[in-house]
Amino acid sequence: MLIQVIVSGIATGCIYSLMALGLTLIYKSTEHVNFAQGEMAMISGFMAFTFLTYLRLPLGFSFFLALLSSIGLGLLMERVLIRPAIKAVHFNVFIITLGASIVMQSFAGLVWSYDQFPFPSLFPKKYFNLGTVRLDTLSLGIICTTALLMLLLFLFFKYTKIGTSLRAVSQSRDGSLLVGISVRHSFALTWAISGLVSGIAALLIAPVIFLSSRMGLVVINGFAAAILGGWGSIPGTILGGIGLGVLENVAPYYFPSQIRNIIPFAVLVGVLVIKPTGIMGEGRKKRV
Amino acid sequence: MLELDNIETFYGKVRALKGVSLKVREKEIVTLLGANGAGKTTSLRTISGLLSPARGAISFLGERIDRVPPEKIVRKGIGHVPEGRSIFPELTVEENLAMGAFTRKDRKEIQTNLKRVLASFPILEGRKRQHAGTLSGGEQQMLAIGRALMSNPRLVLLDEPSLGLAPLLIQEIFKIIREINQVGTTILLVEQNANMALQIADYSYVLETGRIVLEDRSVNLLANPHVRETYLGMRAKGGKLRAYPGHR
């Protein structure tokens, strides 16, 4: 039973990792904190819902269109809200994204109502036994999709010219411009990737927690995961997300079930008090 | 090849360049001398597009470039090794050099270029897979120069390549600058080490508080009393010139 709880914890943790990854990608390249990450995910979920229920498109195609629109949403955010504020201090941009998150949440409420909707999954909800452990395909599907996505992103950032240029931009803006990398295009691409990642997270989590205009709150867990793993560290987002997910699922096993809601905040406070750099964080490096 | 005509550049409200005009002829080494804050770095950053001038014109190979963004200027054939180097510390040496060729498509030519750069900087060859941030100051400087060369530039802007380096390394860097020039690359060099710069350069400009106050062939400037006293730290005393210890 405990193993089963841990596996579903890992699955939830994968979602947190994806949220944290979306935040970290944007933070690393632009040093901005995007509070609207969760709402970007939520809108993608509702887009898929619209394609499915109102336009009656097939599931796979609806999901594909939803992911395209999540890329579009990332690009739109960058172009309309972030780029005009390119000279603003980070705190102002943070407030802009906070405002955007509230606008998107209210927009979703107006268009799709404040109700909760069941949401289909690409993976059937089936149970099977592995030895004495009972596993469900939904959790495994989430875990495998996340692992695959992480692998693809790793290969992209490590081995392609464009991926390397995105890393270069996050390390030296002057250096990037001088070798001919367009920093503006790189920022736009980062937002597009971040939008895609949050869209995938939405399509994975919505079948579990239902689709609602408030599901963007999952960004809080994303923040907690990113900080637990070490703010700004990409491997940290994976560890932090999974750690948080497992903790959240295992704690109600021993304590009253309400503890679940406290965990992300407890983790946030705990990490910031005990080890502010998180598991993988290197702290702020000053260069000479 | 490169011509600045009455360039004025501002940092906020501060007029850092107050009408700078200079010319760099093809295949030459031209140096820009001056004290701290004279506007040397600002001049280079204005040429490569990191700063845009408020007034004046810059032309390169007969084409106006003063409104062109930096990522396009490198495509026109200007490589800039900036002050502070601006290498990518968490990319490997190899990746840094590959990024230097970001604007180029032909893989074969890039490979040949890479081999040439590694031949000029053998120390980088052995450190190919190290993160650039782990290199010493001199190695980082070589990497920054190598990265600029990977774009196959016709003109290289070098900003204080000797800054903070040990004397032997400075010799080494200047030797490399001469080699780069000998294969036909034009060089615009900014230096505080006026003595070394004047010895290597064909033509020199002296900047003081945002204005060119003196220009001449380097051999003539080496004999100029003002230059000798202010930039070479020598003073005429009883008809004889004497070097001060610790001069720049």
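Pop the C-beta distance of B:D202 and B:R67 into the FRET formula with R0 = 25 Å and round what comes out to the nearest 0.05. Efficiency at R0 = 25 Å is approximately 0.25. Neighbouring Cβ atoms from other chains, within 10 Å of the Cβ of residues in B:84-97, number 5 on average.
Of B:H131, B:H226, the sequence from fewest to most neighbouring Cβ atoms within 10 angstrom is B:H226, B:H131.
A simple charge model with +1 on the Cβ of Lys and Arg, -1 on the Cβ of Asp and Glu and nothing else charged puts the dipole of the stretch B:99-248 at about 320 debye relative to its Cα centre. Taking the number of Cβ atoms within 10 Å of each Cβ as an exposure proxy, the fewest-first ranking of B:T209, A:T24, A:T132, B:T41 is A:T132, B:T209, B:T41, A:T24.
Roughly what angle does helix B:107-120 make with the longest principal axis of chain B, taking Cα atoms, 0 to 90 degrees, to the nearest 10? So the helix axis and the longest Cα principal axis differ by about 50 degrees.
Dividing the summed helix terms, -39500 (n - 2.57) for each DSSP H run of n ≥ 4, by the number of residues in chain A produces a 222 nm estimate of -23500 deg cm²/dmol to the nearest 500. Could you work out which residue, out of A:G240, A:G13, A:G175, moves most in a Gaussian network model of chain A, that is, has the largest mean-square fluctuation with Cα springs under 10 Å? With Cα springs under 10 Å in chain A, the top fluctuation among A:G240, A:G13, A:G175 is at A:G175.
Go ahead and run the numbers for FRET between A:L272 and B:L163, Cβ-Cβ distance against an R0 of 30 Å, rounding to 0.05.
Using R0 = 30 Å, I get an efficiency of 0.15.
Between B:P69, B:P53, B:P82, find the one with the highest GNM mean-square fluctuation for chain B; connect C-alpha pairs within less than 10 Å. Most flexible of the set in this elastic network: B:P69.
Angle, helix A:259-274 long axis vs. longest principal axis of chain A, Cα atoms, 0 to 90°, nearest 10? With rounding to tens, the tilt is 40 degrees. Cα axis of helix B:167-182 to longest principal axis of chain B: angle in degrees, 0 to 90, nearest 10? Once rounded, the angle reads 80 degrees.
Helical runs assigned H by DSSP (4 residues or longer) give chain B a calculated mean residue ellipticity at 222 nm of -9500 deg cm²/dmol, each run adding -39500 (n - 2.57) before division by the residue total.
Determine by what factor the alpha-carbon radius of gyration of chain A differs from 2.2 N^0.38 Å, reporting the quotient. Don't skip to the end; give the middle numbers.
Working: Rg = 18.8 Å, N = 288, 2.2 N^0.38 = 18.9 Å.
Taking the Cα Rg and dividing by 2.2 N^0.38 Å, one obtains 0.99.
With all projection directions averaged, the alpha carbon convex hull of the stretch A:43-118 covers 5.6 nm².
Is there a quick way to get the dipole size of the stretch B:35-118? I mean about its Cα centre, with the Cβ of Lys and Arg at +1 and of Asp and Glu at -1; what is the value in debye to the nearest 20? Here the stretch B:35-118 has a charge dipole of around 320 debye. Exposed loop sites are taken as chymotrypsin sites (Phe, Trp or Tyr not before Pro) in a DSSP loop (any state but H, G, I, E or B) with at most 15 other beta carbon atoms within 10 Å; the longest stretch of chain A without one runs A:1-113. Summarising the label geometry, the points placed 7 Å from Cα in the beta-carbon direction at A:I279 and A:V250 lie 1.1 nm from one another. Legend: calculated FRET efficiency, A:T137 to A:T160, from the Cβ-Cβ distance at R0 = 25 Å, rounded to 0.05, equals 0.15. Model label sites at A:R260 and A:L151, defined 7 Å from Cα along the beta-carbon direction, differ in position by 3.1 nm. Volume per residue of the convex hull around the Cα atoms, evaluated for the protein assembly as shown, comes out as 184 Å³. Within the listed set A:V111, A:V219, A:V267, the Gaussian network model of chain A (springs between alpha-carbon atoms below 10 Å) gives the highest mean-square fluctuation for A:V111.
For the stretch A:1-79, what mean projected area does the convex hull of the alpha carbons give, in nm²? Walk me through the intermediate numbers first.
Working: hull surface 27.6 nm².
With the hull built on Cα positions only, its mean projection is 6.9 nm².
Values quoted throughout were computed directly from the atomic coordinates according to the rules given, and no laboratory measurement underlies them. Keep in mind that what you see is a predicted model, and the values were worked out from it rather than measured. Backbone-built Cβ (ideal geometry, glycine too); neighbour counts: all protein chains shown.
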